[in-house]
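Worksheet: one structure, shown below.
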């Protein structure tokens, strides 16, 4: 069985009501959503360097897949950016595109929970991840790192955040087959599954980058592996979590690490994101750090659609800045990564 890597801890959700607004734009022409000021990771002083990156790219044209517990598809900040399967007609009960799945309009459910096209998030983890990565810049609440990308949902974990490795492998193959350029895997297991490894290798052959959370066990995953983050495939990128106190320049005490498996880190502490009740919540963990990096990858890929998975990974790793100590992950610099492919 497989559990979501380091189940995130939630504080009380913030304001209950949502108000329809005209999407505001700051004087610099950047997103200025109602709760964006509470997203420390996206601020000008944060190490992630998102505002400068946004002036060059917003992720337009890039499909990103979140393989997780599902998504609250009608969340006001997520609905505008849902991926739509161009070969499928919603609700007609027919496999229009001949992929073996019926009515998979926004993604696929590979759990035993609900119908195959039921991507509803009954746990909450996947919705938290999705908001960090791709919440729309619509003036309603928060904004995602790649706020003009398209969010594909592949549900492989159930209400208890458990599932089979076979489902994760199948979900990865589905995402690649349907055009995902970047895949986020904020999950993990101590057991190596060769089927999943094969699926990741196939994703690499298709030039798909797989971004993985490092886990929250405070351990060196080079010495005590966790999968898939510890897999050595060149299209896998492991991500640790940094803390808010210094703008994301120090590795969080809970974060796994490992010089080989986890070369980079990103914000994973006190992250405001979308919640499955249709509102917003604070969460922590490497599960939230990974989609920050997957979002940056989408910003890069939007500028260079033909970039290989290896070059995309290098744009993130090679442009990352030294963190709190040698041997620990370096923190991703979105602005430097985006500028490196212009």
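Worth pointing out:
- Scanning the stretch 256-286 for residues that are outside any strand (DSSP E or B) and either surrounded by fewer than 19 Cβ atoms within 10 Å (Cβ to Cβ) or over 18 Å from the mean Cα position of the chain (by Cα) (or both) gives 258, 259, 260, 270, 277, 278, 279.
- Cross-chain or 6+ apart pairs with Cβ under 6 Å, the stretch 316-334 first and free of Cβ contacts under 8 Å to residues at least 40 places away in the same chain, then assigned to a loop (DSSP other than H, G, I, E, B): 319/333; 319/340
- Condition check for residue 272: modelled with pLDDT of 95 or more and in contact with a strand residue (DSSP E or B) (Cβ under 6 Å, 6 or more places away or on another chain): yes
- Residue check for residue 42: within 18 Å of residue 339 (Cα to Cα), touching a helix residue (DSSP H, G or I) at 6+ places or on another chain (Cβ under 9 Å) and at pLDDT 95 or above: yes
- Residue 158 being at pLDDT 95 or above, farther than 20 Å from residue 300 by Cβ and either in contact with a helix residue (DSSP H, G or I) (Cβ under 8 Å, 6 or more places away or on another chain) or not in a strand (DSSP E or B) (or both): yes
- Test set (1) in contact with a strand residue (DSSP E or B) (Cβ under 6 Å, 6 or more places away or on another chain); (2) surrounded by 24 or more Cβ atoms within 10 Å (Cβ to Cβ) - residue 296 fails condition number: (1)
Residue by residue, here is whether (1) surrounded by 19 or more Cβ atoms within 10 Å (Cβ to Cβ); (2) in a loop (DSSP other than H, G, I, E, B); (3) modelled with pLDDT of 95 or more; (4) touching a strand residue (DSSP E or B) at 6+ places or on another chain (Cβ under 8 Å) holds:
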{"site": "90", "(1), (2), (3), (4)": "no, yes, no, no"}
{"site": "95", "(1), (2), (3), (4)": "no, yes, no, no"}
{"site": "98", "(1), (2), (3), (4)": "no, yes, no, no"}
{"site": "112", "(1), (2), (3), (4)": "no, yes, no, no"}
{"site": "115", "(1), (2), (3), (4)": "no, yes, no, yes"}
{"site": "121", "(1), (2), (3), (4)": "yes, yes, yes, yes"}
{"site": "129", "(1), (2), (3), (4)": "yes, no, yes, yes"}
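- Members of the stretch 162-188 that are surrounded by fewer than 21 Cβ atoms within 10 Å (Cβ to Cβ), in contact with a strand residue (DSSP E or B) (Cβ under 8 Å, 6 or more places away or on another chain) and farther than 14 Å from residue 107 by Cα: 162, 164
- Hey, residue 169 part of a helix (DSSP H, G or I), over 28 Å from residue 32 (Cα atoms) and in contact with a helix residue (DSSP H, G or I) (Cβ under 6 Å, 6 or more places away or on another chain) or not: yes
- Selection count where residues are crowded, with 21+ Cβ neighbours inside 10 Å and within 14 Å of residue 56 (Cβ to Cβ), scope the stretch 304-342: 6
- Residue 253 buried (at least 22 other Cβ atoms within 10 Å of the Cβ), part of a loop (DSSP other than H, G, I, E, B) and without any contact (Cβ under 8 Å) to a residue 40 or more places away in the chain: no
- Residue in the stretch 189-204 that is surrounded by the most Cβ atoms within 10 Å (Cβ to Cβ), counting only those that are part of a helix (DSSP H, G or I) and more than 19 Å from the chain's Cα centre (by Cα): 197
- Residues located in the stretch 303-338, provided they are touching a helix residue (DSSP H, G or I) at 6+ places or on another chain (Cβ under 8 Å), part of a helix (DSSP H, G or I) and farther than 19 Å from residue 180 by Cβ: 334, 335, 337, 338
- Within the set 223, 281, 266, 289, the sole residue that is more than 29 Å from residue 150 (Cβ to Cβ) and in contact (Cβ under 8 Å) with a residue 12 or more places away in the chain turns out to be 223.
- Filtered residue count, the stretch 227-250, keeping only those that are farther than 18 Å from residue 313 by Cα and part of a loop (DSSP other than H, G, I, E, B): 8
- Scan of the stretch 47-84 for residues that are surrounded by fewer than 21 Cβ atoms within 10 Å (Cβ to Cβ) and assigned to a loop (DSSP other than H, G, I, E, B), ordered by number: 55, 56, 60, 61, 73, 74, 76, 84
The values are calculated or read from the model by the stated rules, or taken from the named source; none is laboratory data. Keep in mind that this is a model prediction, so the values were computed, not measured. Neighbour counts run over all protein chains shown; Cβ positions are idealised from the backbone, glycine included.
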